[in-house]
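Working notes, beginning with the structure itself.
The values are calculated or read from the model by the stated rules, or taken from the named source; none is laboratory data. Note that this is a predicted model, so its numbers are computed, not measured. Cβ coordinates were reconstructed from backbone atoms using ideal geometry, including for glycine residues, and neighbour counts include every protein chain displayed. Surface areas here come from the heavy atoms of the whole protein model, side chains and all, with no ligands, DNA or RNA. Shrake-Rupley method; radii C 1.70, N 1.55, O 1.52, S 1.80 Å.
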Amino acid sequence: MQGDPELLTTAEVARIFRVSSSTVSGWAARGLLPYVRTPSGRLRFHREDVDRFTGRTPR
């Protein structure tokens, strides 16, 4: 639906940052990167939060 926030998988976020999926999961577990859980328990990340996080990490 239009207007819904874009949700990214752990693997997609990992590709953006060029890190492993377990690194992204660790960031989420430590509260560095906000996430939501799907009904099946998988992590999803709002594109806005990922974009914000990119400004806080060195390139």
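Observations on the structure shown:
- With all protein chains in place and a 1.4 Å probe, the accessible surface of the chain carries 50 percent carbon and sulfur.
- Summed over the residues of the chain and divided among them, the accessible surface reaches 75 Å² per residue at a probe radius of 1.4 Å.
- Between His46 and Ser22, the modelled label-to-label distance comes to 3.0 nm, taking each label 7 Å out from Cα in the direction of the beta carbon.
- For the chain, hydrophobic long helices are taken as DSSP H runs at least 20 Å long by C-alpha position along their axis with mean Kyte-Doolittle hydropathy of 0.0 or more; none is present.
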